[in-house]
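Here's the structure, in structure tokens; my notes come after.
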Amino acid sequence: MTNTVLYETKGAVATITLNRPDSLNSFDAALRADLSAATSQAKDDSAIRAVVLTGAGRCFSAGADLKAGFKKGKDVERMLLEEYKPSLINIAEMEKPVISAINGFAAGIGLSYALVCDLSVMGESAFLLAPFSTIGLIPDGGASWLLANSVGYKRAYALAIENDRVAAEQCLAMGMINRIASDESLLTTAQEWAESLTLKAPLALGRTKKIMRQAASLSYADAINSEAALQHLCINSEDSREGITAFLEKRQAKFQGK
């Protein structure tokens, strides 16, 4: 990785920071590649149990770097599928919680990265923005799916075409984020939340994430079936035995992810 992405660990928490502050953390080729590498590293490192994603400087991300030049249709399609999608899927599919710490604002595909995370903390003065229609484009990076599943079709469509800033309080009220923190304490709040999650059973967190991500596309009966199959794996794990034993002994469980 180059310095367009910072990767830091403390205990079992990895913090990934988009690091092009002079360009408002807009995505160029280097940032796309480096974020793919960083999310792969967090995904594959068994010592990491929770991840925080944030942006350096004034904002989380202003989206794609439009100053990098106008791309033709097939170039954009390839870029979305080959350069953006890997890191987005890493976040969505890694078997550990990812928390977005949204500072300043997240716009364009930056919005997609903020929302694809499992949990979100937003700075009190931060906002989200979907500016696609102002430049003749549609939401990308999975933003259409993320918005519709967060707030429902009518709200999602309005957010996608009206280009209004959505303030932190409004995001919280609509269920787009989980918490609001002061701008000064945002990153600390996200990291402390991530650290608290590392005390939970990793297998349970990962499999709960998997079933929740599937829930919107499953029937109720199919959800019961999927839960049963995953619960079968969980109940046979060392973590489950440790959790039950710790509960009965009234002590803090020590999970190993096994």
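Tabulated data
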{"item": "Selection count where residues are in a helix (DSSP H, G or I), over 23 Å from the mean Cα position of the chain (by Cα) and of a type in the set (Lys, Arg), scope region 64-83", "result": "2"}
{"item": "Criterion violated by residue 216 - all others in (1) exposed (fewer than 12 other Cβ atoms within 10 Å of the Cβ); (2) free of Cβ contacts under 8 Å to residues at least 40 places away in the same chain satisfied", "result": "(2)"}
{"item": "Region 1-33, residues that are in a helix (DSSP H, G or I) and either under 14 Å from residue 113 (Cα atoms) or among the hydroxyl-bearing types (Ser, Thr, Tyr) (or both)", "result": "23, 31, 32"}
{"item": "Selection within region 105-150 - in a helix (DSSP H, G or I), more than 15 Å from residue 164 (Cα to Cα), hydrophobic (A, V, I, L, M, F, W, C) and touching a residue at least 12 places away in the same chain (Cβ under 8 Å)", "result": "109, 114, 115, 116, 143, 146"}
{"item": "Number of the exception - residue 46 against (1) small (Gly, Ala, Ser); (2) part of a loop (DSSP other than H, G, I, E, B); (3) closer than 23 Å to residue 175 by Cβ", "result": "(3)"}
{"item": "Number of the condition not met by residue 209 [criteria: (1) surrounded by 18 or more Cβ atoms within 10 Å (Cβ to Cβ); (2) in a helix (DSSP H, G or I); (3) in the same structural domain as residue 86 (by TED's automatic domain parsing)]", "result": "(3)"}
{"item": "Of all residues making up region 84-99, the number that are part of a strand (DSSP E or B) and either farther than 23 Å from residue 257 by Cβ or of a type in the set (Phe, Trp, Tyr) (or both)", "result": "0"}
{"item": "Members of region 151-167 that are of a type in the set (Gly, Ala, Ser) and either surrounded by fewer than 14 Cβ atoms within 10 Å (Cβ to Cβ) or in a helix (DSSP H, G or I) (or both)", "result": "152, 156, 158, 160"}
{"item": "Verdict on residue 216 being within 21 Å of residue 48 (Cα to Cα) and aliphatic (A, V, I, L, M)", "result": "no"}
{"item": "Residues of region 168-202 classified as surrounded by fewer than 16 Cβ atoms within 10 Å (Cβ to Cβ) and of a type in the set (Ser, Thr, Tyr), total", "result": "4"}
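Residues are listed down the side, and each one gets a yes or a no for (1) in contact with a Cys (Cβ under 7 Å, 6 or more places away or on another chain); (2) among the polar types (S, T, N, Q); (3) within 21 Å of residue 54 (Cα to Cα):
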site: 187; (1), (2), (3): no, no, yes
site: 201; (1), (2), (3): no, no, no
site: 208; (1), (2), (3): no, yes, no
site: 222; (1), (2), (3): no, no, no
site: 240; (1), (2), (3): yes, yes, no
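The values are calculated or read from the model by the stated rules, or taken from the named source; none is laboratory data. As the structure is a computational prediction, the values presented were derived from the model and not from experiment. Every residue, glycine as well, gets a Cβ built from its backbone with ideal geometry; the counts of neighbours run over all protein chains shown.
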